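K.L.:
Provided herewith is a single structure, encoded as structure tokens, for subsequent inquiry.
The values are calculated or read from the model by the stated rules, or taken from the named source; none is laboratory data. What you see is a predicted model; the values in this text were computed from it and never measured. Note that each Cβ is placed from the backbone with ideal geometry, even for glycine, and that neighbours are counted across all protein chains shown. Note: accessible area is taken over every heavy atom of the protein model, side chains too, but ligands, DNA and RNA are not part of it. Shrake-Rupley method; radii C 1.70, N 1.55, O 1.52, S 1.80 Å.
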Amino acid sequence: MGLTYGYDIYLRPGNVARALTALAALAPPAPHVPPLELTLPGGERLALPFTSHFKSDPVDCTRGAGTTIELDTSLMFGADDVLREYADVYGRDIEEDGRIAIGYVYLTIRFTSLLHPRYTSMEFWAATSGMSRVFARSAGVREVFTDLTAAAGGVCCLFDTGDGSPGQLCWLDGEATEDLVPVTDLRALAATWPDPDR
């Protein structure tokens, strides 16, 4: 089995539409799929340039608080040295604006996160081992996910190696950390988050 590295963003449930709108802005400019119509638990509707289980069928999440959504995304990242090397190895084009499209980046949204039941998690996973290594090494990739955390009003962003270890902190309390900081107790970390209803 290959590497499955990713970034987990934790946010208030009411901020999911805001997060998905910011995420959609990161999609390549000419999507090759019809928009995915998504209805969030509160009834808000969005059209996203992604698929769910590689289909564009409408997704309705109004059927319960424990709802989980799975999306298949392609995202644009600013091409730093790590991403340029990835583009060379895998034959990816770098756009005129200096960005590169990476996909698939799988996304699981848990409206009741496993870490804190009153927060939602957006869990982004690299599709391949090569992409996982880029996720681990690229400051530009990390910046996209911490910027997304900020845009979504998220409380925390973690780098997750998918091996059951607690993860590494890259965003907390409105600030990105300069280096990834190991987290030894995720439950204790989640206990410091503010009441999501405020």
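K.L.:
For the subset of segment 129-163 comprising residues that are hydrophobic (A, V, I, L, M, F, W, C), free of Cβ contacts under 8 Å to residues at least 60 places away in the same chain and farther than 12 Å from L3 by Cβ, which member is surrounded by the most Cβ atoms within 10 Å (Cβ to Cβ)?
P.N.:
That would be A150.
K.L.:
Mind checking whether some residue in segment 84-98 is hydroxyl-bearing (S, T, Y), outside any helix (DSSP H, G or I), surrounded by fewer than 22 Cβ atoms within 10 Å (Cβ to Cβ) and in contact (Cβ under 8 Å) with a residue 40 or more places away in the chain?
P.N.:
no
K.L.:
Out of the residues in segment 113-128 that are in contact (Cβ under 8 Å) with a residue 24 or more places away in the chain and aliphatic (A, V, I, L, M), state the one that is surrounded by the most Cβ atoms within 10 Å (Cβ to Cβ). Break it down stepwise before answering.
P.N.:
First, the residues of segment 113-128 that are in contact (Cβ under 8 Å) with a residue 24 or more places away in the chain: 113, 115-116, 118-128.
Filter once more, so that each one left must be aliphatic (A, V, I, L, M): 115, 122, 126-127.
Numbers: L115: 17, M122: 27, A126: 24, A127: 15.
Among those residues, the one meeting the criterion is M122.
K.L.:
Being surrounded by fewer than 20 Cβ atoms within 10 Å (Cβ to Cβ), in contact (Cβ under 8 Å) with a residue 12 or more places away in the chain and farther than 17 Å from A19 by Cα is the filter here; which residues of segment 68-83 pass it?
P.N.:
Those that are surrounded by fewer than 20 Cβ atoms within 10 Å (Cβ to Cβ), in contact (Cβ under 8 Å) with a residue 12 or more places away in the chain and farther than 17 Å from A19 by Cα: G78, D80, V82.
K.L.:
For segment 51-67, enumerate the residues that are touching a residue at least 40 places away in the same chain (Cβ under 8 Å) and either open to solvent by less than 60 Å² (accessible area, probe 1.4 Å) or in contact with a strand residue (DSSP E or B) (Cβ under 6 Å, 6 or more places away or on another chain) (or both). Break it down stepwise before answering.
P.N.:
Looking only at segment 51-67, we keep the residues that are touching a residue at least 40 places away in the same chain (Cβ under 8 Å), and these are 61, 65-67.
C61, T67 - these are the residues of segment 51-67 that are touching a residue at least 40 places away in the same chain (Cβ under 8 Å) and either open to solvent by less than 60 Å² (accessible area, probe 1.4 Å) or in contact with a strand residue (DSSP E or B) (Cβ under 6 Å, 6 or more places away or on another chain) (or both).
K.L.:
I would also like to ask the following. Here are some residues: R110, R45. Which one is open to solvent by less than 80 Å² (accessible area, probe 1.4 Å), within 24 Å of G154 (Cα to Cα), charged (D, E, K, R) and at pLDDT 95 or above?
P.N.:
R110
Per-residue answers, yes or no, for (1) in contact with a strand residue (DSSP E or B) (Cβ under 6 Å, 6 or more places away or on another chain); (2) under 18 Å from T73 (Cα atoms):
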position	(1), (2)
T120	yes, no
W125	yes, yes
M131	no, yes
A136	no, no
E143	no, yes
G167	yes, no
P194	no, no
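K.L.:
To continue, here is another question. In segment 164-180, which residue that is under 19 Å from W125 (Cα atoms) and hydrophobic (A, V, I, L, M, F, W, C) is least open to solvent (accessible area, probe 1.4 Å)? Please lay out each step first, then the result.
P.N.:
Start the filter on segment 164-180 by keeping residues that are under 19 Å from W125 (Cα atoms), which leaves 164-171, 180.
Among the residues that remain, those that are also hydrophobic (A, V, I, L, M, F, W, C) are: 169-171, 180.
Working: L169: 18, C170: 0, W171: 27, L180: 39 Å².
If we take residues in segment 164-180 being under 19 Å from W125 (Cα atoms) and hydrophobic (A, V, I, L, M, F, W, C), then C170 is least open to solvent (accessible area, probe 1.4 Å).
K.L.:
Out of the residues in segment 4-31 meeting the condition of being of a type in the set (S, T, Y) and not in a loop (DSSP other than H, G, I, E, B), tell me which one is least open to solvent (accessible area, probe 1.4 Å). Break it down stepwise before answering.
P.N.:
Kept after step one, since they are of a type in the set (S, T, Y), are these residues of segment 4-31: 4-5, 7, 10, 21.
With not in a loop (DSSP other than H, G, I, E, B) added as a condition, the list becomes 7, 10, 21.
On the way: Y7: 0, Y10: 17, T21: 82 Å².
Here the residue is Y7.
K.L.:
Something else: Give me the residue from segment 93-107 that is of a type outside the set (G, A, S) and either modelled with pLDDT of 95 or more or within 21 Å of the chain's Cα centre (by Cα) (or both) and, out of that set, farthest from Y5 (Cα to Cα).
P.N.:
Initially, segment 93-107 is screened for residues of a type outside the set (G, A, S), giving 93-97, 99-100, 102, 104-107.
Right, trim to either modelled with pLDDT of 95 or more or within 21 Å of the chain's Cα centre (by Cα) (or both) and you get 99-100, 102, 104-107.
Details: R99: 21, I100: 19, I102: 14, Y104: 13, V105: 10, Y106: 11, L107: 12 Å.
Ranking the qualifying residues of segment 93-107, first place goes to R99.
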